[in-house]
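Here's the structure, in structure tokens; my notes come after.
Coordinate-derived values only; no laboratory data. Computed from a predicted structure; not experimentally measured. Cβ placement follows ideal geometry from the backbone for every residue including glycine, while neighbour counts extend to all protein chains displayed.
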């Protein structure tokens with residue numbers, strides 16, 4: 001997978017981009033993200049009048065000689081954000097179609113690299129069942145990141161996942177200190193919207209990335225087929241069935257998929273959340289340099 005999706009040329013192209021945040025950060029100092037508070041960088045922002053207790057070393061004496069009033073120089077504040085990437089590791093994300101899992105991992109790795117390159121912190125949360133596991137800890141710097149990527153490529157996709165329980169039950173979601181990315185196909189009966197509302201309550205910037213195969217987006221089946229639920233534990237599971245696929249069924253599926261996507265977009269827009277859909281036949285470069293720039297997440 002690594003050779004197919006992530007290579008030196010791809011990473012070098014990513015180095016010119018950065019995440020765009022819409023809200024102020026309460027994260028650590030030392031990053032690259034300008035916020036609307038004033039700090040100690042060398043980039044001038046504004047002046048204000050001196051007040052009792054201010055640091056006299058910040059007085060602009062040139063302005064005093066002109067106006068005979070004390071003014072302080074204000075400089076921009078830069079913060080380091082924490083990018084938390086939640087990856088759905090359920091069976092529907094990769095057991096039946098390994099390319100789908102590899103694609104999702106590649107998207108997660110590319111987003112993580114972009115954050116690390118821009119001096120941000122990154123953590124990968126792997127969602128299995130109703131729990132989110134963080135096997136690599138919080139990463140700062142490319143050495144730690146690439147060590148984690150080598151292991152991330154070997155994860156397996158199995159069982160079911162409960163995005164809502166896993167994310168709301170995670171002890172490390174952060175508050176007002178950066179971006180949360182959820183990568184999933186969102187083919188679940190669980191109410192994942194509760195997780196998004198929780199993250200919004202925590203003042204996180206949220207981005208939803210839906211990964212689908214071309215067959216899921218536009219199935220071309222016909223005749224008698226065996227439909228196997230990737231997350232079913234046995235072949236005798238009631239979710240598995242034998243069907244004769246008709247044109248009417250395909251049309252009903254297309255309409256249901258369209259309604260689902262419309263619902264996700266509507267919900268995301270109402271919460272100020274970014275949402276994009278990616279298909280595994282799209283090059284990762286096109287996804288990142290096209291879709292994410294289009295919604296304003298990257299620049």
Worksheet entry | Sorted by Cβ density within 10 Å, fewest first, the residues 271, 147 | 147, 271
Worksheet item: Measuring from centroid to centroid over Cα atoms, what is the spacing of the stretch 79-94 and the stretch 145-175 in Å?
Response: 6
Practice prompt. May I ask you to derive the FRET efficiency for residue 56 and residue 138 from their Cβ-Cβ distance with R0 = 25 Å, giving the value to the nearest 0.05?
Written response: 0.05
Item to complete: Run the quick spin-label model on residue 260 and residue 11: label points 7 Å from Cα toward the beta carbon, then report their separation in nm to one decimal.
Response: 3.5
Discussion item. Sorting check: for 119-125, 150-156, which peptide has the highest mean count of neighbouring beta carbons within 10 Å, and how do the rest follow?
Written reply: 119-125, 150-156
Worksheet item: Rg(Cα) of the stretch 125-217 divided by 2.2 N^0.38 Å?
Response: 1.14
